[in-house]
Amino acid sequence: MNLTLKVWRQDGPEATGHMDTHALEGVSPDMSFLEMMDMLNDQIIRAGGEPVAFDHDCREGICGMCSMFINGEAHGPGRGVTTCQLHMRSFNDGDTIAIEPWRAQAFPVIKDLTVDRSAFDRVIQAGGYISVNTSGNTIDANAIPVPKEQADDAFSAATCIGCGACVASCKNASAMLFVSAKVSQFALLPQGQPERESRVQRMVEQMDKEGFGNCTNTGACAVECPKGIDLSNIARMNRDFMSAAVKSKK
Amino acid sequence: MLDSKIPEGPLADKWTKYKDDIQLVNPANKRSIDVIVVGTGLAGSSAAASLAEMGYNVKALCFQDSPRRAHSIAAQGGINAAKNYQNDGDSVHRLFYDTVKGGDYRSREANVHRLAEVSTNIIDQCVAQGVPFAREYGGLLDNRSFGGVLVSRTFYAKGQTGQQLLLGAYSALSRQISKGKVDMLTRHEMMDVVMVDGKCRGIIARNLVTGELERHAAHAVVLATGGYGNVFFLSTNAMGSNVSAAWKAHKKGAHMANPCFTQIHPTCIPVSGEHQSKLTLMSESLRNDGRIWVPAKKEDAEAIRKGTKTALEIAEADRDYYLERRYPAFGNLVPRDVASRAAKERCDAGFGVNKTGEAVFLDFASAFKRYGKTEASIRGLSQPSTEEIVTLGKEVVKAKYGNLFDMYKQIAADNPYETPMKIYPAVHYTMGGLWVDYNLMTSVSGLYATGESNFSDHGANRLGASALMQGLADGYFVLPYTIGDYLANDIRTGAISSNSAEFEAAEKAVQERIDHLINNNGSKPVDDFHRRLGRIMWNECGMSRNEAGLKKAIADIRALREEFWKDVRVPGNATSYNPELDKAGRVADFLEQGELMCMDALAREESCGGHFREEHQTPEGEALRDDENFAFVSAWEFAGDPSESKLIKEDLVFENIELKQRSYK
């Protein structure tokens, strides 16, 4: 396959970016998208240029590091896949492909296609945990049965990889899907109950502080989510948030 | 001499007695003690969180953009624990025994027993943290089986167990970060350890975004930096996984133990072409339900390779379920090293089933039928048709392994619900690593190694679902005790200064190396060298090894290393974000580590676990150990150049287990 690539180049957070055009020949349809990017970088380095910086690590769709906005879609065409799982067989010979970073105020560009997603970490630090210390004396793991359906739903919410595709896809750059997935995981488990109200309040507060936008229920986030995190999580978070606000003694 | 510091007394009492006897640090003093944890996978996150909870000041580093992305996240199948929830005869002793046997009798009894003892606490702890393990309809935890054992002791969360456990540890870590007890440095890489008066007192780190070098001083340093499988270029490791932190420690005096013990995992998606950048694992849990086979007739295998026949056209009688044939007792659930070699043997003999001839089938057809029948019976269907049964069975399999099947479909462009998967062995895990004593301290005072980065628990072959167990055991339940015994002597030391001559010198050396790489102006990108190194390692130090091949590999690696330093091209500069520069430093270290691995493989004149020397095998082609001469840990001491490294032996003493030829027949 021969391709024309239009790639976003930006030296740093304050620099002005632009799209660069590269021709790439001899791409195999069996390559993953990132292997195609490796090939591009190899070509650039051998020609004496500076390669395109992009985040990637596990290359099997679970670490959440890769983050490319391809032809106007987070993680490119195809549903339920990350950029690293996208294969070139999804494209045609002669295609022009536009490759951009996640674009959101809360995710400043570090270089080229690499963005800073530490805002997500700070949202988790605000309450995305159950406050238990390491102890060799917690109760036996089977002491509290959890209905399978509830455990499965908690698991589904917990499969979020924190890639930020939801934010990148949302016209408001809202992080509601990400935050609600963590809120839901713990809201669905008995272990998460003691901090259920304070957790949702603190996480939402931090989310707002980071500059993520509001949710207007377009559902674009769930469509582009590589892990299929369900919109119902947002509904659950809204319910919990309202209920916590009503009960709050503050 | 190496002192493993194993406590006296009966095996089952050692850990308890040890904990009763060690020195403790009082809470007020903990507040004036600093610990650095490098790496935030299961071993690192759990250690950083636990130490911070105890009151120490912790600094944690990861090269990724978030601690949640460490490669533990990709572990699929599960985590072992001797809970015996299934009432199938499991116990701490049995888990201990299985692990030592599975490791082909090349691990330390006391360490492994401790691991088995704390395994049950891990599950309790994780459930308390909100880790959503798979459950039965009654609400209790579900288990499944893994290779090399006869019980069901593996806890899991679909095919994403590592993700769920790491997010649990990441949560605990995040809580401590929010309290200010952990200073989390993301996109930071450790460049060297710093020694002051014979003790490890800090590190030189590099901020990967700005390129700045930083000095971090502490009373102790913990390396939780994972394995070095990427020395093979192609492996199931993440692209960034590297040996550099461990290698830097090695060059500062930490011995590297059993570096040749590499785990080649039998069930990975085969290589598709030259462009391949990494390999993807298909969880071992699939061997619970999948049956591995190749055609029994060579002409069928040839027809499949040419594309004139498909797997479905091969009659049942013409299939060779070679694991079930060779190992009737364990069948498809033999340990990884055995399953990998058996696949290689069939493919080398000409029975491989893809274009390259390097693939075997993993077939779920009989599982679809078996589960379908049970499901039909549950639903009360009378005389269901075969199609109905298969459809129901596929639903059950989907619920168990759905994400793995999706992943396969995505990568291989083939639907595993309709045709069998094709799989082949790939580099997955390294049992070798930094030598540590019972306290998990390396041969450098004050420098600890946990998780995959140490060598201690898995001998010559790791059993499935035991890496997660070890990472969390070390971080949550072992290190927090053992490090206290060391730090108790530091309560009067006061803060360590990073303005000393030692820090100065270490920083200067790091800077010089970076300058050399960035100004080298060679002609070939880093990956060019990495790929070539990988090819040498895979061909000569992979699934089977021999003297001539290893000697050739050593010479080839030396030549390649020389060429690298002359001709590598690192674009950009050292004062901004430059992933190529990061990679260059890592590959430079792999080019040294690879040589040591080959030297270790050459010195170990026996076959054991994942280390298969062609010269040492039974008439049936099984690994032939030499307990008389090789029941020891090879600990290598650095002496200026990898080729000069000295071999120090730690004899392995087996008091509780009788050494036997491993048999899974």
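Things to note:
- Considering the conditions (1) surrounded by fewer than 24 Cβ atoms within 10 Å (Cβ to Cβ); (2) at negative phi, B:ASN84 is excluded by exactly one of them, (2).
- Of all positions in segment B:232-254, none carries a residue that is surrounded by 24 or more Cβ atoms within 10 Å (Cβ to Cβ) and part of a strand (DSSP E or B).
- The single condition from (1) surrounded by 19 or more Cβ atoms within 10 Å (Cβ to Cβ); (2) more than 26 Å from the chain's Cα centre (by Cα) that B:ARG613 fails is (2).
- One residue from B:PHE146, B:PHE133 being part of a loop (DSSP other than H, G, I, E, B), more than 8 Å from every other protein chain (Cβ to nearest Cβ) and of a type in the set (Phe, Trp, Tyr): B:PHE146
- Test: residue in segment A:191-198 that is at the interface with chain B (Cβ under 9 Å from one of its Cβ atoms) and surrounded by fewer than 24 Cβ atoms within 10 Å (Cβ to Cβ): yes
- Qualifying position, being buried (at least 17 other Cβ atoms within 10 Å of the Cβ), among the hydrophobic types (A, V, I, L, M, F, W, C) and in contact with a Ser or Thr (Cβ under 6 Å, 6 or more places away or on another chain), among B:ALA367, B:ALA311, B:ALA342: B:ALA311
- Residue within segment A:48-55 that is under 17 Å from the mean Cα position of the chain (by Cα), in contact (Cβ under 8 Å) with a residue 60 or more places away in the chain and facing chain B (nearest Cβ under 10 Å) present: yes
- Counting only residues that are among the β-branched types (Val, Ile, Thr) and in contact with a strand residue (DSSP E or B) (Cβ under 7 Å, 6 or more places away or on another chain), segment B:463-511 holds 3 of them.
- Of all residues assigned to segment B:71-78, at least one qualifies as being in contact with a Leu (Cβ under 6 Å, 6 or more places away or on another chain), among the small types (Gly, Ala, Ser) and part of a helix (DSSP H, G or I).
- Verdict on B:THR482 being hydroxyl-bearing (Ser, Thr, Tyr) and part of a helix (DSSP H, G or I): yes
- Some residue of segment B:151-173 being more than 24 Å from the chain's Cα centre (by Cα), within 13 Å of chain A (Cβ to nearest Cβ) and under 30 Å from B:ALA465 (Cβ atoms): no
- All of A:ALA98, A:ALA141 fail the test of being in contact (Cβ under 8 Å) with a residue 60 or more places away in the chain and either among the small types (Gly, Ala, Ser) or in the same structural domain as A:PRO194 (by TED's automatic domain parsing) (or both), apart from A:ALA98.
- Counted residues, segment B:268-294 - those being more than 14 Å from chain A (Cβ to nearest Cβ) and either surrounded by 24 or more Cβ atoms within 10 Å (Cβ to Cβ) or within 30 Å of B:LEU602 (Cα to Cα) (or both): 8
- Selected residue (criterion: surrounded by the fewest Cβ atoms within 10 Å (Cβ to Cβ)) from residues of segment B:539-567 that are in contact with a helix residue (DSSP H, G or I) (Cβ under 6 Å, 6 or more places away or on another chain) and outside any helix (DSSP H, G or I): B:MET543
- Some residue of segment A:65-73 being within 8 Å of chain B (Cβ to nearest Cβ), at pLDDT 95 or above and buried (at least 24 other Cβ atoms within 10 Å of the Cβ): yes
- Candidate set from segment B:412-427 (those that are part of a loop (DSSP other than H, G, I, E, B), away from chain A (no Cβ under 14 Å) and farther than 15 Å from B:ILE304 by Cα); member that is nearest to the chain's Cα centre (by Cα): B:PRO416
- A:MET203 vs. criteria in contact (Cβ under 8 Å) with a residue 12 or more places away in the chain, in contact with a Gly (Cβ under 9 Å, 6 or more places away or on another chain) and part of a helix (DSSP H, G or I): yes
- Among the residues of segment B:594-610, those that are assigned to a loop (DSSP other than H, G, I, E, B) and crowded, with 24+ Cβ neighbours inside 10 Å comprise B:ARG604, B:SER607, B:GLY609, B:GLY610.
- The residue that is surrounded by the fewest Cβ atoms within 10 Å (Cβ to Cβ), among those in segment A:22-47 that are more than 7 Å from chain B (Cβ to nearest Cβ), part of a loop (DSSP other than H, G, I, E, B) and under 28 Å from the mean Cα position of the chain (by Cα), is A:PRO29.
- Residue within segment B:434-446 that is under 18 Å from the mean Cα position of the chain (by Cα), under 30 Å from A:CYS84 (Cα atoms) and at pLDDT 95 or above present: no
- Residue check for B:GLY78: within 14 Å of another protein chain (Cβ to nearest Cβ) and either buried (at least 24 other Cβ atoms within 10 Å of the Cβ) or over 21 Å from B:PRO480 (Cα atoms) (or both): yes
- Filtered residues of segment B:48-58 (kept if surrounded by 24 or more Cβ atoms within 10 Å (Cβ to Cβ) and either out of contact with any Ser or Thr (no Cβ under 6 Å at 6 or more places or on another chain) or of a type outside the set (Gly, Ala, Ser) (or both)): B:ALA48, B:ALA49, B:LEU51, B:ALA52, B:TYR56, B:VAL58
- Being surrounded by fewer than 24 Cβ atoms within 10 Å (Cβ to Cβ), hydroxyl-bearing (Ser, Thr, Tyr), in contact with a strand residue (DSSP E or B) (Cβ under 7 Å, 6 or more places away or on another chain) and in a helix (DSSP H, G or I) is a description that does not apply to B:TYR401.
- Number of positions in segment B:616-640 that are buried (at least 21 other Cβ atoms within 10 Å of the Cβ) and among the aliphatic types (A, V, I, L, M): 3
- The requirement of being more than 14 Å from every other protein chain (Cβ to nearest Cβ) and under 25 Å from B:GLN511 (Cβ atoms) is not satisfied by B:VAL231.
- Looking only at segment A:129-159, and only at residues there that are in contact with a Ser or Thr (Cβ under 6 Å, 6 or more places away or on another chain) and within 7 Å of chain B (Cβ to nearest Cβ), the one that is modelled with the highest pLDDT: A:TYR129
- Hey, B:ALA473 in contact with a helix residue (DSSP H, G or I) (Cβ under 9 Å, 6 or more places away or on another chain), buried (at least 24 other Cβ atoms within 10 Å of the Cβ), modelled with pLDDT of 95 or more and of a type in the set (A, V, I, L, M) or not: yes
The values are calculated or read from the model by the stated rules, or taken from the named source; none is laboratory data. This structure is a prediction, so every number in the text was calculated from the model and none was measured. When we count neighbours, we look across all protein chains shown, and the Cβ atoms used for this are built from the backbone with ideal geometry, even at glycine.
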